[in-house]
Amino acid sequence: MKHAFENIVVGGGHAGVEAALVSARMDINTLLITMEKTAIARMSCNPAIGGLAKGHLVAEIDALGGEMAKVIDITGIQFKMLNRSKGRAVWSPRAQADKNQYSLEIQKRVMNQDNLSVIEDIATKIVVENSRIVAVETINHGSIPCKTAIITAGTFLNGLIHIGMDQFSGGRLDEKSAVGLTESLNKIGIKSGRLKTGTPPRIKADTIDYTKVLPQYGDKDPIPFSFQTERFSPKNIPCYITHTTKTTHEILYRGLDRSPLYSGKIRGVGPRYCPSIEDKIVRFGDRNSHQIFLEPEWENANQVYVNGFSTSLPLDIQLRGLRSIPGLENAEIIKPGYAIEYDYFPSYQLKRTLETKLIGGLFLAGQVNGTSGYEEAAALGLVAGINAALNIREEKPFFLDRSEAYIGVLIDDLITKSPNEPYRMFTSSAEYRLLLRFDNADMRLSHKGHLLGLINDHYFKTANTKRATIKAAINFLESTTVCPADINPILQNQNESTIHSGVLLQKILCRPGFHISALLSFFPADLLSRIRQYKGLDDQIEIDVKYKGYIHRQIKQIDRFKRQESLRIPGSLDYSNIKSITKEAREKLHKFRPETIGQASRIPGVSPSDITSLMILLKR
Amino acid sequence: MGVENKSTIVALSTPGGFGGIAVVRLSGDKSFEIIQNLFKSKQQLRHRLAIFGRLYDKNGYIDTAIVTYFKAPNSYTGENLVEISLHGSPFLCDLIITACKQEGARGAAPGEFTQRAFLNGKMDLSQAEGVADIIYSASRSAQTASAGLLEGKFGEIISNIKSAVVDIVSVLELELDFQEEEIQITPKDEIIKQINAVSAKIEALINSYDYGKICREGVVCPIIGPPNSGKSSLFNAFLKEERVIVSPSPGTTRDFIEESIRVGDYQFRLIDTAGIRDTDDSIESAGVSKSKDLLNKGNIILYVIDISELKANVLQLSDEISEKVIYILNKSDLAKPHLISKVKKQFAGQQHYFCSAKYLTGIHEITSGMVKKIERLRQESESVFITRLRHKEALDMARKSLMKSVDSATADNPSEIIVIDLREALDRLGAILGKTTNEDILNNIFSHFCIGK
């Protein structure tokens, strides 16, 4: 039964399912190893998908044929477009998920997928021959041969849970941790480190006093994540807002002596953007109150997620702290908040395909790469899955660069910065943010998804049609002059200064605060109906016209960027002999082994003059 | 930073300061075209042939020069290359380099000519390592000036400027990357105010470049005034009274007579403009060509007026220029006391001195007044000044980007648009201080704001 399975995915979290599904869809006989089938695609932390910049990732996953967007569109219970008051480029969707339905829906897709088998087991060892993976050893199924494997073990590798002074091993609360795999990777030369993350307590919904908390609904006119979602009328179940009080802070303060974070028990580095409540009161002592969001974990849930109250303080402190919060005076805890430390593999060891530089066919994806968040994990799983399949098919690898997608920014940051705290996606990390919008993810990427066979002809054509319509509309605006008689009434209506002679429509649209909707009546009927065929297309036209100068600047920067990105550095380059490069840069380059000049230039400690020297040597 | 061979670069190839001769080099596709627009000669430029002629910029004649043209690939850099040999005056070199830039060249980075030579295969392999070292050391010195390695007050001021911009960017990025419920929004007006404040600081530094340049190249002092007011007499009086520095190339152009004197710590470069009053573009019709250029380039303008011929309307000067003016009220020996007191009243509030160029009275007062004026410039630059053109250019561009971001904010553009210009300003400052990364911005956000649920 040699190579009955070509690709093995270890771990059934958000990275693992995307990796397994995509690899199977690319005709690779794939095996998913999970500890527990019912835990597949479980949401370990908050019951939500998306958020600022993360929503972009989800849309990109969608345009490349991943599952996350489609499934949250079906199982979400509240949808909200964030940053609506800001520019379009930073609009990003977020949805409250029905946790149970979300994982059930994913499980259904995994179980029904051709070429994909699932077993319950624990991987303990990677078997390598000639620097290439040949098998994965498991506890119950022995050694399973393979051509590639993707490790997506999340927080399970030597997971250690902390609640107050108690600590015990586990991958999540009440779930076993995975022992052996880290050590096996270490033995073949892959370095590992420790990270930490945390989650807040879950409380009983019927112990909340809803008269004291503020309901918060989603959008009345919700926008789906997936461009393939056609009929969309999701539920709109509210979350509730409350806040901590001075008393809360005093209670928590008094518990600090039993905090594993402050007593030095936790050594792993935690994410700064997701601080525990004790961290917030210590670091920002001048604040008398912090906001708390009460989020239902599923429809009609009796279990509520206390967002903003992530903690590893002892249970008694957690409970007393919660009960000092308005509305939570009688709260009862179902599951305590906790911190977890786990192994990760610093990401400088990866290629941009997410294959390890050291072991051929071994891919790493998700939290083991040092990221946090379901969306980041899913994006990495997808890219690893695609590349494992291409690797087996001996085809050219797939990767996205920083100018193409947030996924490209994510992976590039990982391999050139190798962050040592859990990495989260931010829009500010994307230098070409104006071009990488949520609303154009399909137009940016679906041709790539289509080429890989992951996006069908229909949706591929849809994206092309949209692109063509936008182009036609821009041409129209840039070439059509409007006369005073026609436009002045509209301008007067909006308290805008009127015009005295003919002006291009584009000029009118460029006026600050002027919206395209007031100009739609000037479009010829057929073009107008093409624009109206897709929701939000008018806004996209407006952005392209209004910010043309800025968009143009970014496109020019991308040209320069692409030139550096196309300069390959041979993997065999010996940096130790390059005298014209600083010692620090030599060390960094040796450690990161960048694939291109562009990557090299983004490694901290490598200066522009080092890059110049390197380029001169490479030109030779 | 990439190797871009397409652009045409220009730089002074001989050491700065005064010398018998200076060589300015142009390299790149457009070199030939650029020099054709600036150089007039009876002979056509030909490959490897030194041609004598005259250089002109858009304001007119600059200097005589010998220009040699090397056609690609048979040149030092392997590209079309032009060597311009002219008189060794920093003032003239500046003029011609500026003119080349106006024609489309850009300033060369340190070592860039050599780098191009290497990349175009003009050097053999054994030399290559050496080239890398040259480039390395050249940009290394630029780099020691970066990332906190800049020492002293200049480093402090520049890094304060940079962190002020980082703070503004952080505030805007914070609003973009975190949900409204979690943070407080800073009003646009406040943002604009902050940008303007940084911009003003940068402007002060840019202005200090003049002082820095003075320290290096001498104070440029054109002597202007109506016909027969005594410009040449004053010029000669200075030379008689003060220590003359023998410049290796007296009379940098045929139109101006230039001499240098040393007073205190400063070298003053006196330029007698008497010669140009006979031409069409005399100083009286200010606004044209050379005269205007001199008014702009001058650090101190000595405005000579014959008090016996004093008319009510003295030449109207722009604020920027009148700040540089010292009025020399000449022929005081001929004036009656009541005229003197009347003139005193008229020039109250403006720096002015009475003198008699003929009898050499009042000359020391003028020179000490000139020193005072320069000292004031020094004080205005907060005892910190920039001396490198590279720094000035970076600051200039940073300031322009900041102004653009103000326009952008005023036009009510969304934050992610405003940030584009602000980040560009940071990139420009990065040329002096080392680049600002996304991580720097995020670190700043995390240390100042309580965010994250």
Exercise. Name the residues in region A:575-600 that are modelled with pLDDT of 90 or more and among the small types (Gly, Ala, Ser), would you?
Worked result: A:GLY598, A:ALA600
Problem set entry | Lone qualifier among A:ARG94, A:ARG88, A:ARG132, A:ARG84 - being within 14 Å of another protein chain (Cβ to nearest Cβ), out of contact with any Asp or Glu (no Cβ under 9 Å at 6 or more places or on another chain) and among the charged types (D, E, K, R) | A:ARG94
For this session: Out of A:ASP279, A:ASP286, report the one residue that is over 14 Å from A:PRO47 (Cβ atoms), part of a loop (DSSP other than H, G, I, E, B) and either of a type in the set (Lys, Arg) or within 14 Å of chain B (Cβ to nearest Cβ) (or both).
Result: A:ASP286
Problem set entry | Conditions (1) under 24 Å from A:GLN349 (Cβ atoms); (2) at the interface with another protein chain (Cβ under 8 Å from one of its Cβ atoms); (3) of a type in the set (Gly, Ala, Ser); number of the one not met by A:SER580 | (1)
Exercise. Do we find a residue being in a loop (DSSP other than H, G, I, E, B), surrounded by 14 or more Cβ atoms within 10 Å (Cβ to Cβ) and either outside the structural domain of A:ARG602 (by TED's automatic domain parsing) or within 30 Å of the chain's Cα centre (by Cα) (or both) anywhere in region A:458-478?
Worked result: no
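Within region A:75-91, restricting attention to residues that are of a type outside the set (Val, Ile, Thr) and outside any loop (DSSP other than H, G, I, E, B), which residue is surrounded by the fewest Cβ atoms within 10 Å (Cβ to Cβ)? Spell out how you get there, then give the answer.
Within region A:75-91, the first condition is being of a type outside the set (Val, Ile, Thr), and the residues that meet it are A:76, A:78-89, A:91.
If we keep only those that are outside any loop (DSSP other than H, G, I, E, B) too, we end up with A:76, A:78-82, A:88-89.
Working: A:GLY76: 30, A:GLN78: 24, A:PHE79: 24, A:LYS80: 24, A:MET81: 17, A:LEU82: 22, A:ARG88: 21, A:ALA89: 28.
My answer is A:MET81.
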For this session: Starting from residues that are crowded, with 16+ Cβ neighbours inside 10 Å and closer than 20 Å to A:LEU410 by Cα, keep the ones in region A:560-577 and report whichever is nearest to the other protein chains (Cβ to nearest Cβ).
Result: A:GLN564
For this session: Can you confirm whether region B:54-62 contains a residue that is surrounded by fewer than 21 Cβ atoms within 10 Å (Cβ to Cβ), at pLDDT below 90 and of a type in the set (S, T, N, Q)?
Result: yes
Problem set entry | Extreme residue, surrounded by the most Cβ atoms within 10 Å (Cβ to Cβ), among residues of region A:589-598 that are within 14 Å of chain B (Cβ to nearest Cβ) and assigned to a helix (DSSP H, G or I) | A:GLY598
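Filter region A:21-66 for residues that are among the acidic types (Asp, Glu) and either buried (at least 24 other Cβ atoms within 10 Å of the Cβ) or in a helix (DSSP H, G or I) (or both) and give the result. Before the answer, list the steps.
Kept after step one, since they are among the acidic types (Asp, Glu), are these residues of region A:21-66: A:27, A:36, A:60, A:62.
Result: A:GLU60, A:ASP62.
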Exercise. Quick one: would you say B:SER232 is small (Gly, Ala, Ser) and modelled with pLDDT under 90?
Worked result: yes
Exercise. Between residues in region A:50-61 that are away from chain B (no Cβ under 11 Å) and residues that are among the basic types (Lys, Arg) and in a helix (DSSP H, G or I), which pairs lie under 9 Å by C-beta distance while being six or more apart or on different chains?
Worked result: A:GLU60/A:ARG444
Exercise. Would a scan of region B:98-110 turn up a residue that is out of contact with any Ser or Thr (no Cβ under 6 Å at 6 or more places or on another chain), closer than 27 Å to B:MET397 by Cα, outside any loop (DSSP other than H, G, I, E, B) and among the small types (Gly, Ala, Ser)?
Worked result: yes
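Does B:ALA398 meet the test of being assigned to a helix (DSSP H, G or I), at pLDDT below 90 and among the small types (Gly, Ala, Ser)?
Numbers: assigned to a helix (DSSP H, G or I): yes; at pLDDT below 90: no; among the small types (Gly, Ala, Ser): yes.
Here the answer is no, as B:ALA398 does not meet what is asked.
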Seminar exercise, completed: Counting only residues in region B:395-408 that are among the hydrophobic types (A, V, I, L, M, F, W, C) and surrounded by fewer than 22 Cβ atoms within 10 Å (Cβ to Cβ), the one farthest from B:SER208 (Cα to Cα) is identified as B:VAL406
Seminar exercise, completed: Note on B:ASP124: of the conditions (1) more than 9 Å from chain A (Cβ to nearest Cβ); (2) surrounded by fewer than 20 Cβ atoms within 10 Å (Cβ to Cβ); (3) at pLDDT 65 or above, unmet is (3)
Problem set entry | Residue ID - farthest from the other protein chains (Cβ to nearest Cβ), chosen from residues in region A:289-305 that are polar (S, T, N, Q) and part of a loop (DSSP other than H, G, I, E, B) | A:ASN300
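The values are calculated or read from the model by the stated rules, or taken from the named source; none is laboratory data. Values in this document were obtained by computation on a predicted structure and should not be read as measured data. Cβ sites come from the backbone with ideal geometry, for glycine too, and all protein chains shown count toward neighbours.
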